[in-house]
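Okay, here's the structure, questions in a sec.
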Amino acid sequence: MSITPTSSSRDPLLYAPAPGGGLRSGLQSLSRLLRRHWLIVAGSIALALAIAGAYLYFTPDMYRAESVLLSEESDPNDPDDALSLGFVPGPTEEGPDEQLLMLRESSALAQEVAAQLLGGSGTAAGPAGAESPEALARQLRATVEFTAYEPNAIGIAATSTDPREAARIADVYAEVAIAHARNESKRRLAESRAFAEERLASAEADLRDAEGALAGFMSREGTAGLDAEAAAVVNDGARLASSVREAAAALQARRASVRATETELGRIRPGLARRVASGVDREIEAAQTQIATLETRLEQFYQNTPEARSDPSDPRARPLRDEIAQWRQRVDDLSAQYVQETLAAGGSNAGDASSGISYATELERRLIDDRIAITGLEAQIAAQRGQLGSYAARRQSIPRQSVAVGQLERKRASAEQLYLYLANTLQEITIAENSEIGSLQLLRRATTPDAPLNRGPVQVLGLAALLGLLLGFGTALARSRIDARVHTPEDIEALGMPLLGVIPKVEDHAAAAEGGPMGNVVAVLDAQSAAAEAYRHLYSRIQFSRPDRVVEVVLVTSPEVGAGKSTTALNLAATMARANRRTLVIDADLRRPSVGRYLGVDGGPSLQSLIDRDGSLEDAEALVEGAFTPVWNLYALATSTPVEVPMELLTSERLRELLGAFRSRFDTIVIDTPPMMVASDAALLASQSDACLLVVSSGQTDTEALAQSRRELEDAGGHVIGVVLNQFDPAEARYKSTYGYRERHYASYHDLRVN
């Protein structure tokens, strides 16, 4: 059985779907995010707590107290309300809205409150350290809040660092507002009383004059009064004459309306006839259809000749463009004509063809109604004038003295009625003025608040911690989105690359042999470790990576410096050697050789010496057979002297011959090459290997660099079988049952004893 890694293959043991689906995956993603960026999250929380602490330290506790007033709105329809009298000048009513506006905007009211709060002296320090009524008044207008409540209630809320001071400000403001409303009402009533007294005196004088005129006339003429029949004739005649005058005025208005309507109809009828007979709308529709057809033909031409689209002077498209422009001008002219005809026909909407006809119909209906009304008024006036003639004949029979007495009696009665009305009104105003309590009443006094308005320390700090946590998570999420480094196995698979192995951190194993050789070769130094098992797992994946051929030569490289490719190459070679396979490790990183230093090999044959040597291949093979290492079955070509430009060596025919000879002598060959981003050596050797292995470091390697390294190797003829994730920390929650399980339980499992 063979396993062929592809861009979408996954190890079923490592990537089986977890029960719980999306919820578990989301929680694991959050856990990884927190572990990876815990410093950002912790710093955000600390910053938020520091800001909250500074806010609590520098911001004093604020207390809020509120008093409530009841606004009594006057009813203008109440005849008993003295303020509703029609002859009283100034505003006749003041409701909650007007009262609220007065409280908010009145600077005089605020200054009066400030003066009372300061004790009336204007020198003592008042609330918030104010030293003058003017300064305190400005503070009050900026800090005291007024709220309208239903029904007809107004709240006055004051805020201060002292709870008793907040209650005092609210109460004083309420008391001053009530006194102000009472004084304002009394002032208006006093003005109304003075106005009523003036009118009453004038009416009394008129009454005396009317009574004197009547008495003088009756005394001079020796008549005692007007009998009932004569009074009826006089009164009925006066009413009939008034009715004739009203009918004549209405008749005149109707005749004026008829003339205006006939003029308007005469204006719109010719245009309406032309509008009904006109076919401008149909012509516009036909022209727009022609434009659409021409534009379709022009677009087809552009599709066949794309270069003409960007060339306005192309002679092949000019005829179509000119014809389209002409038709568009025709549409503009027809549209203007259509609008003029519609407006001339009386229509208000150029897009409504029936608006002019509807307007003309309405004018005709109005003309008919006016003519019918004129006929009725003329008949009424004629009849009433005939009746006036009979009343005139009857008045001729009434003595002249009786008619004059009737007129003087009517004047006296009218003056007397006005006088009595004004006297009654003055009495009502006087009573209201003496009993006025104002339009505002205290509904509830302010109470001293027990708790501050602002939140307590626990609430503020808790909210700050929550905001800091959210900010930290947001910042961490944003950074993870723009972070192009490889961190987890999923990051590699997201690039469409097979993951061959995951190597945990091996710093602890290297420290076990600090300063000596073989410190990084954990496959030999600590064979019963999770790291060594990871290399054995990698070796098994490599063996079955290419079912079409046996993998004999493995090229190991990395995108960047410091990914651990030399350590991976040595441990992989040591693992192969311990599997009873004759293994040769070649240090092809001629610029920075490290294999000899790691293995403790010095003075043996190197790749450069074998290429430069003129001897036969058999001599070279014999030299390699003597290149022993501390690991049994492992041989090494370790370079000790760096080569600045190794291209001539790596592209030589001698190297190809040597690799061919080594294939017959060794089971497997591991070639350590320089990183892809700093040298092209790996690409030069890629075609001479059976498999290429890319080593990346968790939290260091850039994904774009990894993808570019793979492309360069494949373009050079290499076969990239997969990626090795090195220096991976399996302690994250997502991997506690996979890579983390091996890390935690491998040693204890091998310590078990069978009884």
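Conditions first: (1) part of a loop (DSSP other than H, G, I, E, B); (2) β-branched (Val, Ile, Thr); (3) under 16 Å from Leu570 (Cβ atoms). Val643 passes all but one, so which condition is the exception?
In the conditions (1) part of a loop (DSSP other than H, G, I, E, B); (2) β-branched (Val, Ile, Thr); (3) under 16 Å from Leu570 (Cβ atoms), Val643 misses (3) alone.
Ok, one more. Does Tyr535 qualify as being at pLDDT 85 or above, over 22 Å from Glu644 (Cα atoms) and not in a strand (DSSP E or B)?
Yes: the conditions hold for Tyr535.
Looking at Gln387, Gln441, Gln340 in this structure, which one is farther than 30 Å from Gly155 by Cβ, modelled with pLDDT of 65 or more and not hydrophobic (A, V, I, L, M, F, W, C)?
Criteria check complete, one pass: Gln387.
Moving to a separate point now. Considering each residue of the range 552-570, count those that are buried (at least 17 other Cβ atoms within 10 Å of the Cβ) and either hydrophobic (A, V, I, L, M, F, W, C) or in a strand (DSSP E or B) (or both), and give that number.
So the count comes out to 8.
State all residues of the range 588-614 that are within 60 Å of the chain's Cα centre (by Cα) and buried (at least 20 other Cβ atoms within 10 Å of the Cβ); if no residue qualifies, say none. It would help to see each step written out before you state the result.
Of the residues in the range 588-614, the ones within 60 Å of the chain's Cα centre (by Cα) are 588-595, 598.
Ala588, Asp589, Leu590, Pro593, Val595, Tyr598, listed by residue number.
Quick grid of which residues meet (1) touching an Asp or Glu at 6+ places or on another chain (Cβ under 6 Å); (2) without any contact (Cβ under 8 Å) to a residue 12 or more places away in the chain; (3) more than 29 Å from Pro498 (Cβ to Cβ):
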site: Val601; (1), (2), (3): no, no, yes
site: Ala627; (1), (2), (3): no, no, yes
site: Val631; (1), (2), (3): no, no, no
site: Asp672; (1), (2), (3): yes, no, no
site: Pro675; (1), (2), (3): yes, no, no
site: Ala683; (1), (2), (3): yes, no, no
site: Ala691; (1), (2), (3): no, no, no
site: Leu694; (1), (2), (3): no, no, no
site: Ser697; (1), (2), (3): no, no, no
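Tell me, please, whether a residue that is modelled with pLDDT of 50 or more, among the aliphatic types (A, V, I, L, M) and surrounded by fewer than 16 Cβ atoms within 10 Å (Cβ to Cβ) can be found in the range 96-108.
Yes, some residue in the range 96-108 is modelled with pLDDT of 50 or more, among the aliphatic types (A, V, I, L, M) and surrounded by fewer than 16 Cβ atoms within 10 Å (Cβ to Cβ).
Looking at Ile492, Ile482, Ile431, can you tell me which residue is surrounded by fewer than 16 Cβ atoms within 10 Å (Cβ to Cβ) and under 40 Å from the mean Cα position of the chain (by Cα)?
After ruling out the rest, the residue left standing is Ile482.
Additional query: Quick one: in the range 297-309, which of the residues that are out of contact with any Phe, Trp or Tyr (no Cβ under 9 Å at 6 or more places or on another chain) and at pLDDT 75 or above is surrounded by the fewest Cβ atoms within 10 Å (Cβ to Cβ)? Full working, then the answer.
First pass over the range 297-309, keeping only residues out of contact with any Phe, Trp or Tyr (no Cβ under 9 Å at 6 or more places or on another chain): 297-307.
This time we only want the ones that are at pLDDT 75 or above, so: 297-298, 301, 305, 307.
Working: Arg297: 12, Leu298: 18, Phe301: 15, Thr305: 13, Glu307: 8.
Selected residue: Glu307.
Test Thr668 against the stated conditions and say whether it is surrounded by 22 or more Cβ atoms within 10 Å (Cβ to Cβ), more than 24 Å from Gly562 (Cβ to Cβ) and at pLDDT 90 or above.
yes
How many residues are under 19 Å from Ile51 (Cβ atoms), outside any helix (DSSP H, G or I) and not polar (S, T, N, Q) if we restrict to the range 440-495?
Of the residues in the range 440-495, 2 are under 19 Å from Ile51 (Cβ atoms), outside any helix (DSSP H, G or I) and not polar (S, T, N, Q).
The values are calculated or read from the model by the stated rules, or taken from the named source; none is laboratory data. None of the values given here were measured: they were computed from a predicted structure. Reconstructed Cβ throughout: ideal geometry from the backbone, glycine too, with neighbour counts over all protein chains shown.
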